[in-house]
Every structure is written in C-alpha cells, then in structure tokens.
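Undergrad: For reference, the structure I am asking about is given below.
The values are calculated or read from the model by the stated rules, or taken from the named source; none is laboratory data. Keep in mind it's a predicted model, so treat the numbers as computed, not measured. Heads up, the Cβs are rebuilt from the backbone with ideal geometry, glycines too, and the neighbour counts pull from every protein chain shown. Each accessible area value is taken on the protein alone, full model and side chains, heavy atoms only, with ligands, DNA and RNA left out. Shrake-Rupley method; radii C 1.70, N 1.55, O 1.52, S 1.80 Å.
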Amino acid sequence: MRSLRTGLPLAALVTGAALLLSAPAAHAADTPLRDLAAAKGKVVGTAVTGSELTGGYGDIAGAQFSSLTPGNAMKWGTVEPTQGSFDWTEADQIVAFAQAHNQQVRGHTLVWHSQNPSWLTNGTWTSAQLGSLLQNHISTEVGRYKGEIAAWDVVNEPFNEDGTYRSTLWYTGLGANYIAQALTWAHAADPAAKLYINDYNVEGVNAKSTALYNLVKSLRAAGVPIDGVGLQAHLILGQVPATLQQNIQRFADLGVDVAITELDVRMALPADATKLAQQKADFKSVVAACVAVTRCVNVTVWGFTDADSWVPGTFPGYGAATPYDENYAPKPAYYGVAEALGGTTTTPPTGACSATYGVTSQWNTGFTGQVTIACTGTALSSWRASWTYGAGQQLTQAWNATCTQSGAAVTCTNASYNGTVPDGGSVTFGFNASWSGSNPVPVVTLG
Ligand code: G2I
C-alpha cells in the first residue's frame, strides 16, 4: 500500500513518535512531481528549512522534489555571523539530505543586499577591503561545497524596478563590476557549478527584466562565466505575466539556462475554492511556460507547504501561497504543477478535507493524541473520523468529540459545538489512550 499523500510506502512513514499522518480526501497524483519532471527533462525543486527535514515534511521533500534550495541556510548572515567564525550546520544538513535523496542543490545566495551579517553591514570598508571580503566569502563558501552544488544564485536582486542598479553596499563600494567579479570568483572556486543571477519581478518582459537581459548579454560578450538566469516568481493570484514564456525564451536565446527559482502565488486570506482554483491555473501556467522552453531547466517552489512560507510574515492578510496546505495535504496548485508536467489527476482537485493524527505526548503506559480535521476548497457541517488501532491501544477518554472503541475500531464524531469545519479552517479533538509494546500511528478515515 502506498501513502496517497507522499507517494512513499506507508512503512517508510511510520517512524518517529509524533509522526503526523493524514488521509486526505483528495489523492496526490500517483507519480511524484520529480518523476513527472524528469520525463520532461526538467528538475523540480523546493526551498527548505534544514531543521524541518524529518517526519512528514522530510518525506514530501524527499519524495516529490529533485532539487533543494536552502531558504536561508547558505546566506552570508547565516554562515558567518561573526567575522571569521563559520556555521555550516544547516547548510551541511540540507546538502546531506539532498545527497541521500538523489537531489540537486541550488546554492542561495552569495551576493545580496539583505541578510548579511551585521559586522559586514556596520563596518567601514575601503573598496579594496570590500572586494577582498567578497572574494573570500565566495571562495570559502563555493569552495566548501565544490562538486556538490548544481547551481549557485551568485548575485541576488541587483536591479531596481526601473532597470537601474540597486544601490547596495556592493554597487556603492565596488561599482557595477561587482557582478562580473563575483561570477569570476565563483567559477574559480567550482568550475562545474552553473552560475546564475537571480531576481524578482523579472518574469515578464518589462524594464527590469530587460536590464537583466542586457546585463547577461554583455557578460556573455565579455566572456564572464554566467550560465543562467533565475526568475524568482513571487506572484500574486491571477497575475502570471502574459509574456512569461516569451521572456524565458529570450534569455534562452542568449545561450543561458533559465530557472524558476522561488515560485509562490499568494492570495488574500482566507482561501476559498475559487481562489484555490485560480492558484492551480497560475501554478500550471508558470510550470507550462518552463516546460515549453528547452533551456528552462528547473522550477523551484519557495517552500512546498503553507506551514513554511515567508508570505504571511511579510504580507499580513496574505498567504496560502504554496502547493500544500498547512497540514501537508496537496492543494489544487499541486495538481496544477503535476498536470503541467504531464501528470494526470486521479480525483477532481476541487477541495479536500483531511484528518491528521498526532501523538502529542507519550509515557510508559499511556499517551495523549489529537486529530485535526482541516478543509480547503470545501467545508463540513458534521464529521466522523475513524481508525483501527493495530497494537492493542485502548481509548480511555476523549474531548471535543464523542468517541467509541469496539475491539480495535475507534470512531469519533463531532461534539454539538464543533461539527462545522469551514473552508480554510480546522477543528481539533483530543484523547487519552493506553498502549504497551508499540504505539504505531493509524491511518484516519473521514466519512
Ligand atoms: O523574501 C522572499 C525571498 C525573496 N528572494 C530571495 C529569498 O532569499 C527570499 O527568501 C526569504 C526567506 O524565505 C525568509 O525566510 O528571505 C527572507 C529575508 O529577506 C527570510 O526571512 C527571514 C526573516 O526575515 C527573519 O526574521 C528570520 O530570522 O527568515 C529568517 C530565518 O527564518
């Protein structure tokens, strides 16, 4: 039997005491995204947080994606918080996970105006000092991971919206040539890594993307090692640029690769079925534009779950920007990606409610558990959750639900006050139970 949610054998999931396992009403496509992408000659990736790479999050990251980008772990402020003292813990963890799962790593990012250590941004440096600091940083980090990184976002976000150079410590201190220098230093440290310039709001043909285009063209003409362009694609619902594919194509025609590096599609909360359907169409059209251009090599989402997205923290009132909901159930957007990669959807992705079982604490004879019922794109007015205990566990008490156990079969129905699960909302009930020997996590059925 295979988990509908992750595509992994269930046995592979049943590890760890507090593992969450859900039984979504909508079924994940049978073929993982990474296999669909491979059949199209593409790589599909996600940004990740190293500390999360266990349990259900790790299962999905490993099963569905063929590329990982550290969301923050390789930024200068993370790896060298104090000058000369390095912390590679999270970056190493992500690289090791990727290698264990036969995944590429996109290194992100070497030269940026943001998330730099304060010793760097607060220092006073001559141009020569700044140049050697940057060269050392690039040589150290790229050198450490030599042979292990498929592509580096060497320079991140160098342009203003009007196509002029952004005034950063690098531009101000070193002039526009910092870009060529950074690429050259990175190439010296790992000649096999593909070197990218990465920016946002450069998905369609506009002043900013044209400035990027002209820069790449001139770098190519000057023999500077530039292999690719990253289009971040932090998009707003319903606003995929009509010129996306044309724009990807014009970069490809310069002789560089293109990657969609940070795809997400944010919406005003709460999510509802109409918005989720639009989001599916948006994800699908972005992935389809990449599939249509041979040199578009990678589509990476900026976090695969709404539980791990930068959007709500930066745009209050907005969220639900990724292909999986906060309970790790695939959303319509997931199927949009799958369909653009040639996959077929086994059930209509109009909406789903899922039940997620978790053990919240456990002691030698008993444990406390909970089940969360969550809906996106649809709603419930009453519910029943049932499961079978496989190792003699016995319910002793339940709250926020009426539960009965007959033999191994447990059935819980809503209390008088919590039958309604709204679209975009959830309900949780809890229980105590006894166990001995082992306490395997059951699969919960809703119905
Ligand atoms: O801002 C979205 C992305 C735009 N393009 C470049 C990406 O590198 C950038 O990623 C985000 C991360 O996803 C966020 O996680 O960059 C943000 C910073 O500009 C990251 O946010 C930071 C928070 O601001 C910090 O408070 C927090 O300590 O994440 C840090 C680590 O969780």
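Undergrad: Check the straight Cα-Cα distances from LYS331 and name the lysines below 16 Å, setting aside those fewer than 8 residues away within the same chain.
TA: The reachable lysines, counting only those whose Cα sits under 16 Å from LYS331, are LYS275, LYS280, LYS284.
Undergrad: How high is the FRET efficiency between GLN99 and THR274 when r is their beta carbon distance and R₀ equals 30 Å, given to the nearest 0.05?
TA: 0.10
Undergrad: Say R0 is 30 Å: what FRET efficiency, to the nearest 0.05, do ASN177 and PHE315 get from their beta-carbon distance?
TA: Step by step, r from the Cβ atoms, then E = 0.30.
Undergrad: I would also like to ask the following. Hey, in the GNM for the chain with a 10 angstrom Cα cutoff, which one of GLU203, GLU141, GLU262 fluctuates hardest?
TA: Residue with maximal mean-square fluctuation among GLU203, GLU141, GLU262: GLU141.
Undergrad: Using Cα-Cα distances under 8 Å and only pairs 6 or more residues apart, what relative contact order does segment 285-365 have, in percent?
TA: 22
Undergrad: Next up: Output the relative contact order of the chain, whole-number percent, from Cα pairs under 8 angstrom with separation of 6+ residues.
TA: Here the relative contact order equals 15 percent.
Undergrad: A further question on this structure: For segment 371-424, what is the convex hull volume of the alpha-carbon atoms per residue, in Å³?
TA: Per residue, the Cα convex hull of segment 371-424 comes to 80 Å³.
Undergrad: Based on the Cα gyration tensor of segment 41-174, what are the three equivalent ellipsoid semi-axes, each the root of five times an eigenvalue, rounded to whole Å and given largest first?
TA: 29, 17, 13
Undergrad: Another question, if that's okay. List the pair-distance distribution P(r) of segment 232-353, using every Cα-Cα distance, as the percent of pairs falling in each 5 Å bin from 0 up to the bin containing the longest distance, rounded to whole percents.
TA: All Cα pairs considered, the percentages come to 2, 12, 22, 24, 18, 12, 7, 2, 0, 0.
Undergrad: What chymotrypsin sites (Phe, Trp or Tyr not before Pro) in segment 313-380 are in a loop by DSSP, with at most 10 other Cβ atoms within 10 Å of the Cβ?
TA: Qualifying residues, ordered by number: TRP363.
Undergrad: Follow-up question, since we're still on this one. Which net charge results for the neighbourhood of VAL299, defined as the other residues with beta-carbon distances under 14 angstrom from its beta-carbon, given Lys and Arg at +1 and Asp and Glu at -1?
TA: Overall, the nearby charge balance is 0.
Undergrad: Using a Gaussian network model of the chain with C-alpha springs under 10 Å, which one of SER406, SER426, SER354 is most mobile by mean-square fluctuation?
TA: Highest fluctuation among the options: SER406.
Undergrad: Rounded to two decimals, what is Rg over Rh for segment 327-418 when you use alpha-carbon atoms and the Kirkwood radius?
TA: Here the Rg-to-Rh quotient is 1.07.
Undergrad: Rounded to the nearest percent, how much of the accessible area of segment 373-440 (1.4 Å probe, protein heavy atoms only) is carbon and sulfur?
TA: On segment 373-440, the fraction of accessible area on carbon and sulfur atoms equals 48 percent.
Undergrad: Among DSSP bridges having both ends in the chain, what percentage is antiparallel? Round to the nearest 5.
TA: That works out to approximately 55 percent antiparallel.
Undergrad: What fraction of the Cα pairs in the chain, stated in percent, has a spacing above 37 angstrom?
TA: Considering the chain, 31 percent of its Cα-Cα pairs are separated by more than 37 Å.
Undergrad: Once amide H atoms are built 1.01 Å from N in the peptide plane, which residues 5 or more positions from LYS331, or in another chain, come under 5 Å H to H?
TA: Hits under the 5 Å cutoff: TYR324, ASP325.
Undergrad: Tell me which lysines have Cα within less than 28 Å of LYS75's Cα, excluding those fewer than 8 residues away on the same chain?
TA: Partners found: LYS42, LYS146, LYS194, LYS208, LYS217.
Undergrad: Working from the alpha-carbon coordinates of segment 303-345, get Rg over Rh, Rh being the Kirkwood radius.
TA: 1.06
Undergrad: Can you give me the long-range amide H partners of GLY366? Hydrogens built in the peptide plane at 1.01 Å from N, cutoff under 5 Å, separation of 5 or more residues or another chain.
TA: Those lying under 5 Å, H to H, from GLY366 are TRP435.
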